[in-house]
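FYI, it's all coordinate maths here, none of it is from the lab. Computed from a prediction, not measured in an experiment: that's the story for all the values here. No Cβ is skipped: glycine too gets one built from the backbone with ideal geometry, and neighbour counts run over all protein chains shown.
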Amino acid sequence: MSLAFLDLPIVLAPTAGAATVDLVAAVSEAGGFGILPCAYSAPDQILRDVAALRAATRRPIGVNLFVEQQPYERDHARIASSHAALRRYRDELGIPHPDVPAAPPEHYARQIEAVLEARPDVFTFTFGIPEADVLARFREAGIFTLGTATTVGEARALRDAGVDGIFAQGSEAGAHRGTFLAPVEESLVGTLALVPQVVDATGLPVIAAGGIGDGRGVAAALALGAVAAALGTSFLLARESAIAPAYRAALKSARAEHTMLTRVFSGRSARGIPNRATAEVRDPEDVAPYPFQNAMTRDVRNASAATGNAEFLSLWAGQAAALAREAPAAEIVASLVREARAALDAARPRIPG
């Protein structure tokens, strides 16, 4: 099965904070498929960034959003507890502790309108399924839709909702878990097990994600029945990536050999490299629900990045982080393709007959 927007089976996963317009354009121009992360972007910023991306590449492009139910339900007790717990980090970083906790913007509906107006070739989403009328509008606009599943049950739900394709996100994946039907602890299926089951259960085009760190992983994803492999962590060290120097240093160190799931930075489970924040904030009552925790820790994370301190940064990374390479994005894409071909060629003689 082939997809019109895929020349090479290499997809740049929507890595917020790293995948700038420059990185998405570079991957796309190299023959891969780039996805612009817009979950944290205001609606007008989405329009500007998609316009800039269109100017930078004539290749097909994708846009990603987080599915959110609004208005948000506020757990005032946990928000207050988390706000108080963050004071020590603000004091250490020398930034003010606000009297009132920061609140997340409630603009998801306007983000959807902005994406529809921007008309990318592909709309990808995670954390759930948009309402039926929203998906219908994307179909009417001729925009290909890709949802994120971490279990076969979620994949079937996406199929039944009428999506055009599915990201099968294995438990090895860096950053946020896309889980939406069951608790994260019950939805940690590895990529090797998840992808073929989703392929068989849905009959839809499947893009494999999670723990794919080089061309060998790309070859494995294709052998499992995926039409492409999505890589995020593997592009974090790209020349065009916008991550902070302290983040880069952590990825290039032995620390990248170990990752963990944490809710400390955003309130949702996400995989990253451990640091002081993940070690010290252990009480569940000290972590506000998503997206409040994400809004409340933003100033801490920004200050940590600005001072070169990785201990209070969200160092999102998958389990194959140690395979990431420092190079221009185009070289990374070319290396992935060469390695995938070599892996497939090497595997053929090992199968008798």
Practice task
Treating the Cα atoms of the chain as identical point scatterers in vacuum, please give the log10 of the normalised Debye intensity I(q)/I(0) at q = 0.08 Å⁻¹, two decimals.
Solution key: -0.37
Problem - Cα-based equivalent ellipsoid of the stretch 81-222: semi-axis lengths in Å, sorted from largest, via gyration tensor - result: 32, 23, 14
Exercise for the section: Add +1 for every Lys or Arg and -1 for every Asp or Glu among the other residues with Cβ under 12 Å from the Cβ of ASP121, and state the total. Expected result: +3
Completion exercise
Whole-Å distance linking the alpha carbon centroid of the stretch 22-92 with that of the stretch 158-172 is 20 Å
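In debye to the nearest 20, how big a dipole does the chain give about its Cα centre with +1 on each Lys and Arg Cβ and -1 on each Asp and Glu Cβ?
Numbers: 33 positive and 38 negative charges, 152 e Å.
Using Cβ point charges on Lys, Arg, Asp and Glu, the chain gives about 740 debye.
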Handout entry: Scattering curve values for the stretch 51-119, log₁₀ I(q)/I(0), Debye with Cα scatterers, q = 0.14, 0.17, 0.21, 0.27 Å⁻¹
Key = -0.71, -0.80, -0.91, -1.22
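Distances longer than 23 Å among the Cα atoms of the stretch 1-135: what percent of all pairs is that? Could you put the intermediate results ahead of the total?
Details: 4208 of 9045 pairs.
Across the stretch 1-135, Cα pairs with separations above 23 Å total 47 percent.
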Completion exercise
Here the tail fraction of P(r) beyond 23 Å, over all Cα-Cα pairs of the stretch 237-353, rounds in percent to 42 percent
Completion exercise
Each label sits 7 Å from Cα toward the beta-carbon; between ALA223 and GLU257 the label points are separated, in nm, by 2.5 nm
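For every helix of n ≥ 4 consecutive DSSP H residues, a contribution of -39,500 (n - 2.57) applies; sum these over the chain, divide by its total residues, and give [θ] at 222 nm rounded to the nearest 500 deg cm²/dmol.
That calculation yields -11500 deg cm²/dmol at 222 nm.
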Practice task
For the stretch 139-198, state the semi-axes of the equivalent ellipsoid (square roots of 5 times the eigenvalues of the alpha-carbon gyration tensor), sorted largest first and rounded to whole angstrom.
Solution key: 21, 11, 11
Problem - In Hz, Karplus ³J(HN,Hα) per residue of the stretch 107-119 (6.51, -1.76, 1.60; θ = phi - 60°; x = Gly, Pro) - result: 10, 4, 4, 6, 4, 4, 4, 5, 5, 4, 5, 6, 6
Practice task
Taking the dipole about the Cα centre of the chain, with the C-beta of Lys and Arg at +1 and of Asp and Glu at -1, give me whichever of HIS83, GLN70, ILE351 is farthest to the positive side.
Solution key: ILE351
